[in-house]
Amino acid sequence: MPHPVLGTMSGPYTSWKDLLTRRLSGWASFAAAVRASEAVTVVDSTFLQSSVASMLRRNLQPDTILTYIERVADLVQPLDPALVYFFESYADTAFRRICERRGMAWTLHHISASDGMAWATARGLSVLTGSLRTGVSTGGSATQPYRARASERSQ
């Protein structure tokens, strides 16, 4: 079953603008489908993890990320959504706990999939060390400005 927001998202994209335009189109389609349905819909991780974390890892400009968040918020606002966000005070501990639960194969895949990303390279960090020190994967300080903006919008 395709993801309700991201769909299959297959095929190459020519730029970040192209990818983000596709993702915004997915959010628009999702919002229309939810408005047409009486079912309660829960979408896990998509708002921050699938979009914002990937943009952070690739070192996109903060204005690009914030604009994307605001456009998604505008698209879903008519749904009167409830955003449930579990803030983790100790992101490094949480990440280690996730790695322990999901096992070595998941951990190595996570590291290898992110190794060499622009964000970590620009800071001279390995992705695992970067994730644990700044919380890109787990919602720590690197995502703070974006979490704050999302929180403002959800009030």
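The values are calculated or read from the model by the stated rules, or taken from the named source; none is laboratory data. All figures in this text were calculated on a predicted structure; none of them were measured in a lab. Counting neighbours? That spans all protein chains shown, and the Cβs are built from the backbone with ideal geometry, glycine included.
Table: residues versus (1) outside any loop (DSSP other than H, G, I, E, B); (2) within 14 Å of Val76 (Cβ to Cβ); (3) at pLDDT below 85; (4) not β-branched (Val, Ile, Thr).
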position: Gly11; (1), (2), (3), (4): no, no, yes, yes
position: Lys17; (1), (2), (3), (4): yes, no, no, yes
position: Leu20; (1), (2), (3), (4): yes, no, no, yes
position: Leu24; (1), (2), (3), (4): yes, yes, no, yes
position: Ala28; (1), (2), (3), (4): yes, yes, no, yes
position: Ala31; (1), (2), (3), (4): yes, yes, no, yes
position: Glu38; (1), (2), (3), (4): no, no, no, yes
position: Asp44; (1), (2), (3), (4): no, no, yes, yes
position: Leu48; (1), (2), (3), (4): yes, yes, yes, yes
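Based on this model, can you work out whether Thr64 counts as of a type in the set (S, T, N, Q) and either part of a loop (DSSP other than H, G, I, E, B) or more than 14 Å from the chain's Cα centre (by Cα) (or both)? No; evaluated as a whole, the condition is false for this residue. Each residue in region 89-123 was checked for being touching a Ser or Thr at 6+ places or on another chain (Cβ under 6 Å) and not aromatic (Phe, Trp, Tyr), and 3 of them qualify. Against the list (1) within 27 Å of Gly124 (Cα to Cα); (2) without any contact (Cβ under 8 Å) to a residue 60 or more places away in the chain, the condition Ala31 fails is (1).
Residue count for region 72-102 satisfying the condition of being surrounded by fewer than 16 Cβ atoms within 10 Å (Cβ to Cβ) and assigned to a helix (DSSP H, G or I): 11. Here's a check for you: in region 103-119, which residue that is within 16 Å of Asn59 (Cβ to Cβ) and modelled with pLDDT of 75 or more is surrounded by the most Cβ atoms within 10 Å (Cβ to Cβ)? Top of the filtered list is Met117.
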